[in-house]
1. Which of the chymotrypsin sites (Phe, Trp or Tyr not before Pro) found in region 638-687 are loop residues per DSSP with 10 or fewer other Cβ atoms within 10 Å of their Cβ?
2. Largest first and in whole Å, what are the equivalent-ellipsoid semi-axes of region 385-495 based on the Cα gyration tensor, each being the root of 5 times an eigenvalue?
3. What is the distance, in nm, between label points placed 7 Å from the Cα along the Cα-to-Cβ direction at residue 317 and at residue 732?
4. Residue 588 to residue 552: FRET efficiency via 1/(1 + (r/R0)^6), r the Cβ-Cβ distance, R0 35 Å, to the nearest 0.05?
5. When the Karplus curve 6.51 cos²θ - 1.76 cosθ + 1.60 is applied with θ = phi - 60°, which whole-Hz ³J(HN,Hα) does each residue of region 595-610 get, with x for Gly and Pro?
6. Can you list residues whose amide H is under 5 Å from residue 471's amide H, if they're 5+ apart or on another chain and H is modeled 1.01 Å from N?
7. By how many nm would the segment from residue 134 to residue 307 lengthen if fully extended, with 0.36 nm per residue of separation less the alpha-carbon distance?
8. Starting at the first residue of region 324-331, write each ³J(HN,Hα) from the Karplus equation 6.51 cos²θ - 1.76 cosθ + 1.60 with θ = phi - 60°, in whole Hz, x for Gly and Pro.
Amino acid sequence: MWVPGGMMEHVALPRPPMRRMLPLTLRRGERRLSRRWAGRVLLALLAVAGVAHAEDGYALWLRHAPLEASVATSYRGQLGDVVAPDATATQRAAREELQRGLSGMLGVAPRLHSNAFDGDALVLGTPDSNPVVAEMEGALASLGGEGYLLQRRHVGGRVLTVVAARSDIGVLYGVFHLLRLVQTGASLDGLDVRESPRVQHRVLDHWDNLDGYVERGYAGASLWDWHTLPDWKDPRYTDYARANASLGINGSVLNNVNADALSLSPMYLEKTAALADVFRPYGIRVYLSARFSAPMELGGLATADPLEPAVRQWWRDKADAIYRRVPDFGGFLVKANSEGQPGPQDYGRSHADGANMLADALAPHGGIVMWRAFVYSHEAPGDRATQAYREFVGLDGAFRPNVLLQVKNGPIDFQPREPFHPLFGAMPRTPLMMEFQITKEYLGFATHLVYLGPLYEEVLRADTRARGPGSTVARVVDGTLHGHALTGIAGVANVGAGRTWSGSHFDQANWYAFGRLAWNPDQSAADIARDWVAMTFSPDPAVVGPIVAMMMGSRQAAVDYMTPLGLHHLMARGHHYGPGPWVDGGPRADWTSIYYHRADRDGIGFDRTASGSNAVGQYAPAVAREFGDLSRVPEDLLLWFHHVPWDHRMRSGDTLWNALVQRYGRGVRYVERMQRSWDALEDRIDAPRHRQVAAFLRIQHDEAQWWRDASVAYFQSMSGLPLPAGEAAPPHPLAYYEGLRFPYAPGDGR
Ligand code: BDP
């Protein structure tokens, strides 16, 4: 029945939990149930009812849906009573999670003891809080402050399942891991799991404005109700913290990188402190995006020059004031001299001057600066893809030890597919932090089912060759490549106040995948998807298999129907919603699509080889040779790096023109297949979620078709070539697509 470490072989089909499984559990157990147990079952029923009746996505992957009865009985027998300390807020959080999770999944609330208990038991603790764990101190030594151990131990005739760590937060993480094992049907026999995070700062960046609007957010308004804070601490803040802790996310930047200085005012710092209080038991520190000109806006200074003593003093005082309210404040995230934001260059100073000033103010308190390398200025001529490298690479080694340089995964801007950013591997003396986007600004917003796990995985596994083969981006990020202890990874959050948190059921998977990869960047996107599906929908292989299959190809499908073969940035003007390969004119060349695709009668693509912008020259020589060589460049990046004629021969032998049109069609057909797979799951998924996903897939299909038709119509107007056999002509003339307007596309910057 149990498959070690994997899915269960024979799991009953998912069922409406309250109707079938729980009464069965009761009947079977009746004889054994004392009054006390009956009371606990009732409690569990009530706890489960709250979750099970509301299949609206709110419970995320923490639904703790009831397991099939015999499975539940087996786990109950294996785990026994629970011995867990309850002296600190984090210890209580761990107990509550266990209680909630096991009640939901096993149908019975576990018996909790805070100290000694004689029978078989599930034991939680640190060396300080539990004597069994105290004896394991040697095994815990190398776990670090956040790691944990899950172990089956035979101690004096008792069988103990131990969740041990050196800190309370490690224990909480271990509890979430154990609950995941139970929910996904893993065997506990011979349980022996050692985990510690590979990356130190695992952070969500919220692009939330103080007025509640979320830039590039597709899940409703901001979670933070600044107006009612600090007095009203919405229970949702706790659920947010629980969800993050279940993944090991340990930081939250509360406000948009396009920052409002007001976030640093005393009134807002009180509100930030209230959120920090809610998050603290879950191991989450708060950070703020700092507006570089705040000393002028809030402090009335005439300058924000980072070398000006009054400015430096202002930031020191500000840091002191923040730490008085939030003693474990994480630090600042800064977007400077990019897209019109103020920064040190306004005063002829460098990024390092700016970052170091803030780092000096935070250092006495242990805070860090996450300085963004996303710089994008119209004053800097040349290929936009090369700007960050040009501005930063010469500053390697110039930053204080508490500065991380936060680099987007690719050199342009969260496109459906980009090569990895050339700064990874190129600044050995500076810790580089990864910035992924979880919210799908360029990937169909919340309505397109696009699982980002494969995108993250592709980037993390890319080989920078900085120190020979195996110099992966993951090893830059986890610090092992260049020996940095300070490490970080950030995801631009996709959560909002909408009931599903992420705007759709499937976008929750992107939050989930980001968190799991932040903990261990070498995990596989497919394994993560399997866990997510098992917890979010059902561990039934007949559910997990098809859904994981849908998810794993979904990102490539979006690339295909939006920007295949290395095309990028072809969105219509003013929003990032629909196709606009025809966009030209306006104030800046690099705000147009034609700048990026460079299509004309003869060919298409951006020449970034030595004969073009030479962006390839920013990569390590081995990578530059591969990307720069038409015969070796991955075809998925062909038009990113090369301008080629329409009749360029692909490796298949077909022409580029045919391949391009076929890719568009392939993307649309993938969505059709996802629709069919999803329809076939109708009896296995609860109706509310099934209905919404089906509707969103219809939207996705229509929009994929629209992308395909508009793009094919436009590129055909350039190439003048006939469509390959079997590819239908777009139903409308190009002018129709060009004329479509979407003034209120969600997520637009304001
Ligand atoms: C772009 C977004 C813009 C952000 C910017 C950034 O369109 O809203 O402000 O990135 O990362 O992707 O700062």
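Every number here is computed from the coordinates shown, using simple stated rules; none is lab data. No experiment lies behind these values; they were computed from the predicted model shown. Here the Cβ positions follow ideal geometry from the backbone for every residue, glycine too, while neighbour counts run over all protein chains shown.
1. Passing both the DSSP loop test and the Cβ count: no residue.
2. Value: 25, 14, 13 Å, ordered largest first.
3. 5.8
4. About 0.40, to the nearest 0.05.
5. Values per residue, Gly and Pro as x: 4, 8, 9, 6, 7, 8, 4, 8, x, 7, x, 9, 7, 10, 7, 4 Hz.
6. 464, 465, 466
7. Details: separation 173, 0.36 × 173 = 62.28 nm, distance 5.09 nm.
Using 0.36 nm per residue and subtracting the Cα-Cα distance, I get 57.2 nm.
8. 5, 8, 10, x, 10, 3, x, x
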